[in-house]
Amino acid sequence: MRRTRKRQASRREQRRTATFLQRRTFWHDGQSAMQDTREKLIEFRDLQKIYRVGTELVHALRGVSLTIHQNEYVAIMGPSGSGKSTLMNILGCLDIPTSGSYLLNGTEVSHLSQSALARIRGRQIGFVFQNFELLPRTTALKNVQLPLMYAMLPRRRQRALAALERVGLADRAKHRPNQLSGGQKQRVAIARALAQEPDIILADEPTGNLDSATGNEIMSIFDELYASGQTIIIVTHEPDIAQRCHRIVTLRDGMIASDILSERGRAEAAPEGRPEFAPAVGAGA
Amino acid sequence: MNTAGRLSRAGHAVAGAAARSGQNILTAFAQIWANRGRSFLTTLGVIIAVTAIITVVSFVEGFGRYMTNMLRGYGTQYMIVWPDISWEQEITGIGRIIMDERDVEAVRTECPDIQRITPFLFTETQVAYRKSSAKQVPTRGVTEAYQVIRNYYVDKGRFFGPMDVEKAADVVVVGRSVLKLLQCDESILGDFVQIADRRFRVIGILEPKGSFMGDDQDETVMIPYTTMLQMFPQMRTTMRFLAEARSEEVIDQAEAQIRRVLRQRHGLTIGQPDDFGISRQDQMLREFGKVRTIAASVLAGIVSISLLVGGIGIMNVMFVSVSERTREIGLRKSVGGRRRDIMLQFLTEAVVLSTTGGAIGVAIGYVLTHMAGMHPQMVDINVPLWSVALALGFSAGAGVIFGVIPAFKAAILHPIDALRHE
Ligand SMILES: Nc1ncnc2c1ncn2[C@@H]1O[C@H](COP(=O)(O)OP(=O)(O)OP(=O)(O)O)[C@@H](O)[C@H]1O
Ligand SMILES: [Mg+2]
């Protein structure tokens, strides 16, 4: 059991480097096979989520199929109530779908036990929330150490410090949330999501509570993480933010309305100066 | 995988678990401190319960030890035999003879397992010396055997002897506290005092005995019982006596012998009740054991009620804590906290809360016991270690029992619902 996990972890590591290299090659060669050469990280097949409110049934997701590969940088957009958060919660194993299949790293997770889901949340997923969700009266460092503690990883302090370093907050390690600005709080939250070296970082409106300048700073951190090989999925209402990602998935009424490359994505995918080469990704509903 | 690797991984797991419980305890203390007002109020029940355990146990233990030592010091070999009379007769001396010198003499000669015997007359008299006088001084009329039976020795002068008793001599042995009452010192030896208008020569001073159950043992004078009978003739018919068995092993036989002799002399037939009573020192010890058991059950009652109240308080505050921290629970779950982790965290908090209350109770108990111990009349008391362990164990147990339901409520929260909580 532990052995497999270890092997999985090292495989993930290799994959991350591999996809990073592939992406590089891809830029140079101008091949359009991006979706096929990268390993599938997330695969949704006909996912449904139905809430029951009293006697009413609320169809939050009505048949979503979506594939996300290693080191993709995805924005999820859509009007309020279109099911973005619902989708993210299922992605993050915080919730389970009513029907359909969800393969994470090739493992079906929609039927896993509570503690197995908790384990996945702790080791493979890093969540960033709109309102930061830092523990009050707890230092930034301790906040970042929280997932490491649950994952029982060794060298928690060093890892947490390294994560704070990556978001540029090493000098605020001893500060408590009420001693930090909104942007700093969100950076601590990102460090917390990073600390466990997850496969995916999921951010539900991470800039929703921040002004646009601070929002941009936060996005720069995501950009850097992406550049170092991290897979990132961000829910946002702001087109500016979405354009900084490479792929934009738009939901409407619990279904995928469109799934396209952003301008940046097209620019990076296409050979120098020839954006018309950009491939159309996914199949919009 | 090699052994070293497995070991180091197991080491990590253990270290991780330890770090987590350490973290849980720290979190618990931080939480309790953040809400110190309400935490204190909710632990009052536990504090009271534990204070009760500590102080009551200390007192009962202290008194128990004291009583036992004291009674052993007074000898456990003797018994007191008294006539079973009405108050009226005791006071007026009018009525039939129930117990007199002939009974005492019969017991002395006919009971083989009795080695010493003395009549024991008791009253309170006024004692005067020069210009000072003391009222209601306990006055005992006995023989020389009394000092041996009760370990009441003189350390200045002498006790009266058989001759003094035979002649009904006007001699007295006084206790140290009486000297104080009479505002004099040991120079009184050889001098005369006035006891109930009769002149007595002081021939001995009793060694200090201290007090027993608040009763000053040194505030007494002793005179030959024969002299006392001359002063209070009505005592002749209702005489008490002390009889000492040959050893602790033969007390039962000695008692039976006394009973047989007295019943025979008093002409009691089978079926008629005794017209006298026999009280044994070892029985007093046993009686005291019963008192202890009663004290223990009363204590158990107080403790269980206040632990129940305290426990419900803790349960209540834990429910409040869980609902206040619903979002925190959601967050903890979203970063990998399992149900059992959350459960353990809140259970730890409840136990830390109740055990802290217990520790405060122990501290208060110590202080109270110490303060009581400083009183000069107080027996030597201290807090037995086992009562501390017991009290802390009980309070931790209350934390577990009353923390389980709130902790479970926290553990089964759905992560999303918890995070959405306002
Ligand atoms: N716990 C729930 N119980 C019942 N209905 C729910 C629940 N959560 C979400 N819904 C419903 O599901 C639908 C999708 O909600 P969701 O939160 O995913 O929307 P969203 O796209 O994130 O919206 P927003 O942009 O406002 O955050 C909504 O109609 C919402 O009312
Ligand atoms: Mg939402």
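The values are calculated or read from the model by the stated rules, or taken from the named source; none is laboratory data. Keep in mind the model is a prediction, meaning the values are calculated, not measured. Cβ atoms come from the backbone with ideal geometry, glycine included; neighbour counts cover every protein chain shown. Side chains included, ligands, DNA and RNA excluded: accessible areas come from the protein's heavy atoms. Shrake-Rupley method; radii C 1.70, N 1.55, O 1.52, S 1.80 Å.
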Contacts under 8 angstrom Cβ, first residue in the stretch B:189-207 being at positive phi, partner charged (D, E, K, R) and open to solvent by 20 Å² or more (accessible area, probe 1.4 Å), 6 or more apart:
B:G190/B:R201
Taking A:I200, is it under 25 Å from A:Y102 (Cα atoms) and within 13 Å of chain B (Cβ to nearest Cβ)?
no
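Residue-by-condition table, conditions (1) at positive phi; (2) away from chain A (no Cβ under 14 Å); (3) more than 16 Å from ligand 1 (Cβ to nearest atom):
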{"residue": "B:D341", "(1), (2), (3)": "no, no, yes"}
{"residue": "B:F346", "(1), (2), (3)": "no, yes, yes"}
{"residue": "B:V351", "(1), (2), (3)": "no, yes, yes"}
{"residue": "B:G358", "(1), (2), (3)": "no, yes, yes"}
{"residue": "B:A396", "(1), (2), (3)": "no, yes, yes"}
{"residue": "B:E422", "(1), (2), (3)": "no, no, no"}
Counting just the residues of the stretch A:57-96 that are more than 14 Å from chain B (Cβ to nearest Cβ) and at positive phi, which one comes out surrounded by the fewest Cβ atoms within 10 Å (Cβ to Cβ)?
A:G81
If you take the residues of the stretch A:148-166 that are part of a loop (DSSP other than H, G, I, E, B) and open to solvent by less than 50 Å² (accessible area, probe 1.4 Å), which of them is nearest to the other protein chains (Cβ to nearest Cβ)?
A:M152
Enumeration of residues in the stretch B:137-153 that are modelled with pLDDT under 90, open to solvent by 20 Å² or more (accessible area, probe 1.4 Å) and either in contact with a Leu (Cβ under 6 Å, 6 or more places away or on another chain) or within 16 Å of B:V178 (Cα to Cα) (or both)
B:Y153
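Got at least one residue in the stretch A:131-143 being among the aromatic types (F, W, Y) and at the interface with chain B (Cβ under 7 Å from one of its Cβ atoms)? Give the steps one after another, and end with the answer.
Within the stretch A:131-143, the subset among the aromatic types (F, W, Y) is A:132.
Going one step further and asking which of them are at the interface with chain B (Cβ under 7 Å from one of its Cβ atoms), we end up with none.
No, every residue in the stretch A:131-143 fails to be among the aromatic types (F, W, Y) and at the interface with chain B (Cβ under 7 Å from one of its Cβ atoms).
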Against the definition (away from ligand 2 (no atom under 16 Å from the Cβ), over 17 Å from B:S334 (Cβ atoms) and charged (D, E, K, R)), how does A:D253 come out, yes or no?
no
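With respect to A:L94, is the statement that it is touching a residue at least 12 places away in the same chain (Cβ under 8 Å), under 17 Å from the mean Cα position of the chain (by Cα) and within 13 Å of ligand 2 (Cβ to nearest atom) true?
When the stated conditions are applied, A:L94 passes them.
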Given (1) surrounded by fewer than 20 Cβ atoms within 10 Å (Cβ to Cβ); (2) more than 14 Å from chain B (Cβ to nearest Cβ); (3) away from ligand 1 (no atom under 16 Å from the Cβ), number of the condition A:L169 does not satisfy:
(1)
Subset of the stretch A:213-244 that is surrounded by fewer than 18 Cβ atoms within 10 Å (Cβ to Cβ) and among the hydroxyl-bearing types (S, T, Y) - its residue that is nearest to ligand 2 (Cβ to nearest atom):
A:T214
Got a sec? Which of B:S323, B:S306 is within 23 Å of B:R420 (Cβ to Cβ) and open to solvent by less than 80 Å² (accessible area, probe 1.4 Å)?
B:S323
Complete set of residues in the stretch A:99-130 that are away from every other protein chain (no Cβ under 14 Å), open to solvent by 30 Å² or more (accessible area, probe 1.4 Å) and among the polar types (S, T, N, Q)
A:S99, A:N105, A:T107
One residue from A:V74, A:V64 being within 16 Å of ligand 1 (Cβ to nearest atom), within 30 Å of A:E165 (Cα to Cα) and touching a residue at least 12 places away in the same chain (Cβ under 8 Å):
A:V74
Which of the helices (runs of 4 or more DSSP H) contained wholly in the stretch B:107-211 include at least 2 residues that are under 18 Å from B:Q230 (Cα atoms)?
B:162-167
